[in-house]
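Scroll down for the structure; my scribbles are underneath it.
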Amino acid sequence: MSRIGKKPITLPKGVKYTVQSNIVVVEGPKGKVNALLPSGISVSEKDGVLQVERPDDAHAAVHGLARALIFNAVEGVTHGWKKELDVVGIGYRVELKGKDTVVFTLGYSHPIEFPLPSGIEVAIDPKQTHLTISGIDRQKVGQVAADMRSLRKPDPYKNKGVRYSDEKLKKKVGKTGAK
């Protein structure tokens with residue numbers, strides 16, 4: 001039996017859910033999120049607690065996945081999700097252009113304009129080297145953060161580039177001089 005799939009999901013006040021064929025729509029104070037429900041998995045509610053169930057062991061592979069997707073949707077509409085990135089390097093900075101475009105200066109010959117998808121917000125600190133990506137859809141927040149990081153991945157020799165704030169990097173040793 002899936003340990004994650006057996007865990008109950010508590011529904012906070014103000015959060016409603018509906019099941020439409022293979023999609024669970026979760027509505028809460030921050031907005032509305034859709035979670036995919038694999039075939040053969042069912043959701044039941046009892047006393048404000050959601051339970052994800054499967055009919056037999058043939059659906060064991062997606063039982064925990066379905067529960068995690070629904071939990072992420074419930075958590076997103078109540079608290080939201082966020083990822084933090086640091087821009088490290090001399091002259092490297094990030095700024096907001098309007099509400100829906102982030103401009104990166106990362107040592108290339110041109111600045112890089114990154115358009116933000118709907119439902120994603122970005123906050124930039126005054127030093128222009130730290131940004132926080134937030135939204136209610138966990139997958140979208142993580143994908144935007146990964147796309148921003150891929151603009152200039154951290155260099156293993158100088159540790160310059162865009163990295164997650166909690167990311168630990170291992171610095172490589174460079175070449176030694178000829179004797």
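Read-outs throughout are calculated quantities, based only on the coordinates presented, and are distinct from any laboratory measurement. Predicted, not measured: the structure shown is a model, and the values here were computed from it. Note: ideal-geometry Cβ built from the backbone for every residue, glycine included; neighbour counts use all protein chains shown.
Worth a mention:
- Against the chain, whose longest principal axis comes from its Cα atoms, helix 60-78 is set at around 70 degrees.
- Diffusion coefficient, µm² s⁻¹, Stokes-Einstein with Kirkwood Rh over alpha-carbon pairs of the stretch 92-179 at 20 °C and 1.002 mPa s: 149 µm²/s
- Burial ranking of peptide ranges 143-152, 123-132 (average Cβ count within 10 Å, highest at the top): 143-152, 123-132
- Rounded to 10°, Cα long-axis angle of helix 138-149 versus longest principal axis of the chain: 10 degrees
- For the chain, the relative contact order is 18 percent, taking Cα pairs closer than 8 Å that sit 6 or more residues apart in sequence and dividing their mean separation by the residue count.
- Spacing of the two label points (7 Å from each Cα toward its C-beta) at Q51 and R93, in nm: 5.7 nm
- Positive-pole candidate from V94, S109, W81, dipole of the chain, charges at beta carbon: S109
- Panel values: the stretch 3-78, Kirkwood radius from alpha carbon pairs, Stokes-Einstein at 10 °C and 1.306 mPa s, translational diffusion coefficient 129 µm²/s.
- Relative protection proxy for 91-98, 80-87, from highest mean packing down: 80-87, 91-98 (other beta-carbon atoms within 10 angstrom).
- Extent along principal axes [Cα atoms of the chain; Å; largest to smallest]: 70, 45, 23
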